[in-house]
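Engineer: Submitted below is the structure of interest, expressed as structure tokens.
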Amino acid sequence: MSGRPTILDVAERSGVSKSTVSSVIRGAVGVSPASQRRVLAAVAELGYRPNALARQLVLQRTSTIGVVVGDLANPFYGELVKLLERHAHEIGFTTAVSNTDGHADREAARIEALLEQRVAGIAMLQFSGDRAALDGLVAEGIPVAVVSSTDPRVDSVGVDERRGVALAVEHLLQLGHERIAYATSPLVDGRTNRARYETFLRAGATDAPLDEATAVVAANDIVAIELIDSLERAGRRVPDDVSVVGFDGIALGALSRIGLTTVAQPSEQLAAHGIRMLHERIEGAVDEPPRQLLLEPKLVVRTTTARKDR
């Protein structure tokens, strides 16, 4: 044998058919353990590498998953993208990441560009909520999973927003705060922001003006950290004058200089479930209505919250 080994070389060396070699490489069921061992041994001996391009042409798709994210500058989403990439790699997929800065038109353009690259499926992070973009993907039968938020039109995995905000408000009320404000940013996902704000009000908070509030619930950790900086530059001490709670649980907030009290999301679980659900749709392993999975948040108390009478 000369040159790069082929699937026929592997079949000849292992004494099985070409289709059996293909089945072993794809991880398909139905191949006997003995045949599988011979094929894998032949692959190792010959240094055979499957022709991914040929397989992609047959399947009419690549082995790439598109990841659409609203704000990569937010460490929570940057970390989530890394986790998604890792879980995708574990099942033989690569990722192509597109940042939209929260703009619906940019989101639509990024999605179109990914479809032109024939991605196998799309994971949506911090989805803008534009119905046309997602409706188009659903109509075309493109496998989609929304990760870190929820949408009834497609498979989704997110944190229980209502429970998370309720934990934050309950914590502040127990500390004696009555005038509690809500702080947000245009880069916070619209659907997520509405869910968190509505729960903020239902949980007993008053949404006081920032200059009158003794405590603040921020829509995410970045908003919380920026708010702390603004408050301290204005001469208001955190937590002596104002307590602040964030949402997400980014590593930056855990630094001792910041010590942010926050509602932490289970990022590892979000990524694992998101890739699993998307992969099942890509492979046609499920044939059921869109699945919605909510994970439990966790309140992490640090030094940016204190009793009102402190």
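Engineer: Give me the pairs: first residue in segment 276-298 and part of a loop (DSSP other than H, G, I, E, B), second residue surrounded by 15 or more Cβ atoms within 10 Å (Cβ to Cβ) and hydroxyl-bearing (Ser, Thr, Tyr), beta-carbon distance under 9 Å, and six or more apart or on different chains, which are they?
Structural biologist: Close Cβ pairs (under 9 Å, with a partner that is surrounded by 15 or more Cβ atoms within 10 Å (Cβ to Cβ) and hydroxyl-bearing (Ser, Thr, Tyr)) amount to PRO290/SER156; ARG291/SER156.
Engineer: OK, next. Can you name the residue in segment 128-181 that is acidic (Asp, Glu) and more than 19 Å from the chain's Cα centre (by Cα) and, of all such residues, is farthest from THR199 (Cα to Cα)? Full working, then the answer.
Structural biologist: We begin by selecting, within segment 128-181, every residue acidic (Asp, Glu); these are 130, 135, 140, 151, 155, 160-161, 170, 178.
Okay, now just the ones that are also more than 19 Å from the chain's Cα centre (by Cα), so 135, 140, 170, 178.
Working: ASP135: 27, GLU140: 35, GLU170: 11, GLU178: 16 Å.
Checking each candidate, the answer is GLU140.
Engineer: Now for a separate question. With the requirement that a residue be surrounded by 16 or more Cβ atoms within 10 Å (Cβ to Cβ) and of a type outside the set (Phe, Trp, Tyr), what does segment 185-204 give you?
Structural biologist: SER185, LEU187, VAL188, ASP189, GLY190, ARG191, THR192, ASN193, ALA195, ARG196, THR199, ALA203
Engineer: Something else: I'd like the residue in segment 272-286 that is surrounded by 24 or more Cβ atoms within 10 Å (Cβ to Cβ) and in contact with a strand residue (DSSP E or B) (Cβ under 7 Å, 6 or more places away or on another chain) and, out of all such residues, is nearest to GLU161 (Cα to Cα).
Structural biologist: GLY274
Engineer: Using beta carbons and a limit of 7 Å, which pairs, at least six apart or on different chains, have the first residue in segment 27-51 and surrounded by 12 or more Cβ atoms within 10 Å (Cβ to Cβ) and the second one modelled with pLDDT of 90 or more and not in a helix (DSSP H, G or I)?
Structural biologist: These pairs meet every condition: SER35/VAL16; ARG38/GLY15; ARG38/VAL16; VAL39/VAL16.
Engineer: Is it true that ARG131 is exposed (fewer than 14 other Cβ atoms within 10 Å of the Cβ) and of a type in the set (Lys, Arg)?
Structural biologist: yes
Engineer: Continuing with the same structure: Pick from VAL238, VAL245: which is in the same structural domain as LEU175 (by TED's automatic domain parsing) and not in a loop (DSSP other than H, G, I, E, B)? Talk me through it step by step, then tell me what you get.
Structural biologist: Values: VAL238 fails: not in a loop (DSSP other than H, G, I, E, B).
Only one candidate qualifies: VAL245.
Engineer: Out of ARG55, ARG13, ARG86, ARG37, which single residue is in contact with a Lys or Arg (Cβ under 9 Å, 6 or more places away or on another chain), modelled with pLDDT of 90 or more and part of a helix (DSSP H, G or I)?
Structural biologist: ARG13
Engineer: So if I check each of ARG202, ARG236, ARG196, which one is over 21 Å from THR150 (Cα atoms), out of contact with any Leu (no Cβ under 7 Å at 6 or more places or on another chain) and either at pLDDT below 95 or among the basic types (Lys, Arg) (or both)?
Structural biologist: ARG236
Engineer: What are the residues in segment 75-86 that are closer than 22 Å to GLY190 by Cβ and in contact with a strand residue (DSSP E or B) (Cβ under 8 Å, 6 or more places away or on another chain), if any?
Structural biologist: Correct list: PHE76, TYR77, LEU80, VAL81, LEU84.
Engineer: So, GLU161, is that one over 19 Å from LEU260 (Cα atoms), among the acidic types (Asp, Glu) and either surrounded by fewer than 23 Cβ atoms within 10 Å (Cβ to Cβ) or touching a strand residue (DSSP E or B) at 6+ places or on another chain (Cβ under 9 Å) (or both) or not?
Structural biologist: So GLU161 fails the test.
Engineer: From the list SER256, SER185, which residue is assigned to a loop (DSSP other than H, G, I, E, B), outside the structural domain of THR100 (by TED's automatic domain parsing) and under 20 Å from the mean Cα position of the chain (by Cα)?
Structural biologist: Being assigned to a loop (DSSP other than H, G, I, E, B), outside the structural domain of THR100 (by TED's automatic domain parsing) and under 20 Å from the mean Cα position of the chain (by Cα) holds for just one of SER256, SER185, which is SER185.
To keep it simple, each residue is scored yes or no on (1) within 26 Å of the chain's Cα centre (by Cα); (2) charged (D, E, K, R); (3) closer than 14 Å to TYR182 by Cα; (4) surrounded by 15 or more Cβ atoms within 10 Å (Cβ to Cβ).
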position	(1), (2), (3), (4)
ALA208	no, no, yes, yes
VAL223	yes, no, yes, yes
VAL242	no, no, yes, yes
LEU260	yes, no, no, yes
GLU288	yes, yes, no, no
LEU294	yes, no, no, no
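The values are calculated or read from the model by the stated rules, or taken from the named source; none is laboratory data. Just so we're clear, the structure is a prediction, and the values are computed from it rather than from any experiment. FYI the Cβ positions are ideal-geometry reconstructions off the backbone, even for glycines, and counts take in every protein chain you see.
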